[in-house]
There are 2 protein chains.
Amino acid sequence: MNLILLQPDEVDSAGLCCLNGSRAKHVREVLRAEPGKPLRVGLLNGPLGAGVVDRIATEQVVLRCAFETAPPPRPRVDLLLAMPRPKVMKRLWAQLAAFGVGRMVLLRADKVERYYFDSHVIDPDFYTKLLLEGLQQARCTHLPEVLIRPRFKPFVEDELDALFPNHFKLLADPSGTKRMSDFFPDAASSQRILLAIGPEGGWTPYELEQLAAHDFNLFGIGERILRSDTATIGLLSVLADRMAE
Amino acid sequence: MNLILLQPDEVDSAGLCCLNGSRAKHVREVLRAEPGKPLRVGLLNGPLGAGVVDRIATEQVVLRCAFETAPPPRPRVDLLLAMPRPKVMKRLWAQLAAFGVGRMVLLRADKVERYYFDSHVIDPDFYTKLLLEGLQQARCTHLPEVLIRPRFKPFVEDELDALFPNHFKLLADPSGTKRMSDFFPDAASSQRILLAIGPEGGWTPYELEQLAAHDFNLFGIGERILRSDTATIGLLSVLADRMAE
């Protein structure tokens, strides 16, 4: 935990915040904090700041916090991800939050098994914990917004354009002949980017056609078949590198 | 399993190969193969090929294989990785094999706990299974060569230069002010690249100095503190993207 993440309503107007439970335990037992010790803090979806341990009791830790005036910029990348196997998705949550995505949609695709959507890994209580863990690891405060969409067609026809109105849209698929970099620096001039990543078996021709009709730009991802989590982290990394140019 | 990986001595001169155990079970139960069904096969550290199911018995599957003349090119990237937490390293093995690295060194650094090197996750019997799983996922045949080095100084002073003699050497650290891309296209003109990735807390000034004295080129990795596996997959992805230009 490289950051103590606080809910806005946990901090009073004087900047005092009383921690209980796992965060208090972490401060006491892992960080071995004593009164006066400075800690990095952040407000969920808000600014980063500095906290100082004010007092420590058996079950509680009180921090005195001062926050920066502005929150860090919201991640500029949104993600449209064909729902991975639950086991793989479980590993991915914290990494996505740590990496930084704005809004993410977990979508059914033809090569996604329907039962994946019955898994507890897409239960908000389950994944929010993992997202917060990723934010605290990476020292970020922006919680990704998560949408679960178990039907491809209605999502693409009725929701996609409204949710991602001015995005530069990139679509990863083994069938692509261009490279992601071919769309740069053009893509980087857009305010936001939407990256779509298919299932391990790839999108179907119908799905590719539907997405192309909604202005997605297709690029290839090489010959190796990567697990969804490896592919997702890899593509987000390349995208961040190209956007930083 | 997108590839059935075979040891060279499992295939006879006529191309027949008899599978038992987990691979036979996979062919029978997951791929539901019948005689005549074509399957992708590969020889460990050798060429890819095509196999046809010749016959199926209760415990055995016999494949008739034909291999390409040349093996796929060996991955051009080698990795010098400060040993991650065992739990993280466990997740990383299959992904590294799938991604493709030639030789990898797991090294002690100052901010690496000594007990990480007592973990079963660096036992060859344990990690070889995970590496093979990654190769079969990604349809690759090149098994990464693994070196475990629990002492930083003797490795850097006595082994590093001999193991990586003509490599372009890149060093990732939060303190870097250049970007990885600043070293391209120069780095790509080298036959091989060695990428060094530090522990979550970063390399120490002494370690950075030692590595710089061995021709490593320092670059930065942004402000987010990523878990070792996320950072490693991300950096390998960006490197592959830059090398492909």
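The values are calculated or read from the model by the stated rules, or taken from the named source; none is laboratory data. Please read all numbers here as calculations on a predicted model, not as lab measurements. Here the Cβ is made from the backbone with ideal geometry for all residues, glycine too, and neighbour counts use every protein chain on show. Side chains are part of the model used for accessible areas, which takes the heavy atoms of the whole protein and leaves out ligands, DNA and RNA. Shrake-Rupley method; radii C 1.70, N 1.55, O 1.52, S 1.80 Å.
When the criteria are applied in full, A:P154 fails the requirement of being of a type outside the set (V, I, T), within 30 Å of B:R139 (Cβ to Cβ) and open to solvent by 30 Å² or more (accessible area, probe 1.4 Å).
Is one or more of the residues making up the range A:77-95 small (G, A, S), in a loop (DSSP other than H, G, I, E, B) and closer than 20 Å to A:R40 by Cα? For the range A:77-95, residues small (G, A, S), in a loop (DSSP other than H, G, I, E, B) and closer than 20 Å to A:R40 by Cα: absent.
Being more than 14 Å from chain B (Cβ to nearest Cβ) and either open to solvent by 20 Å² or more (accessible area, probe 1.4 Å) or among the charged types (D, E, K, R) (or both) is the filter here; which residues of the range A:191-202 pass it? Of everything in the range A:191-202, those that are more than 14 Å from chain B (Cβ to nearest Cβ) and either open to solvent by 20 Å² or more (accessible area, probe 1.4 Å) or among the charged types (D, E, K, R) (or both) turn out to be A:Q191, A:R192.
Among the residues making up the range B:203-234, those that are away from chain A (no Cβ under 12 Å) and either part of a loop (DSSP other than H, G, I, E, B) or of a type in the set (D, E, K, R) (or both) are B:W203, B:T204, B:E207, B:E209, B:H214, B:D215.
Looking at B:L132, B:L107, just one residue is under 20 Å from the mean Cα position of the chain (by Cα) and buried (at least 21 other Cβ atoms within 10 Å of the Cβ), and that residue is B:L107. Taken over the range A:235-245, the criterion of being among the aliphatic types (A, V, I, L, M), within 10 Å of another protein chain (Cβ to nearest Cβ) and assigned to a helix (DSSP H, G or I) is satisfied by A:L235, A:L236, A:V238, A:L239, A:A240.
Yes/no matrix, rows are residues, columns are (1) without any contact (Cβ under 8 Å) to a residue 40 or more places away in the chain; (2) under 30 Å from B:G201 (Cβ atoms):
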| residue | (1), (2) |
| --- | --- |
| A:R114 | yes, no |
| A:H120 | yes, no |
| A:F126 | yes, yes |
| A:L130 | no, yes |
| A:G134 | no, yes |
| A:A138 | no, yes |
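Determine whether A:A188 is over 26 Å from A:R91 (Cα atoms) and within 14 Å of chain B (Cβ to nearest Cβ). In short, yes.
Scan A:A98, A:A50 and give me the residue that is touching a Lys or Arg at 6+ places or on another chain (Cβ under 9 Å), within 14 Å of chain B (Cβ to nearest Cβ) and among the small types (G, A, S).
Within the list A:A98, A:A50, the selection yields A:A98.
Look at A:L143 and say whether it is in contact (Cβ under 8 Å) with a residue 40 or more places away in the chain, over 20 Å from A:P47 (Cα atoms) and within 11 Å of the chain's Cα centre (by Cα). When the stated conditions are applied, A:L143 does not pass them.
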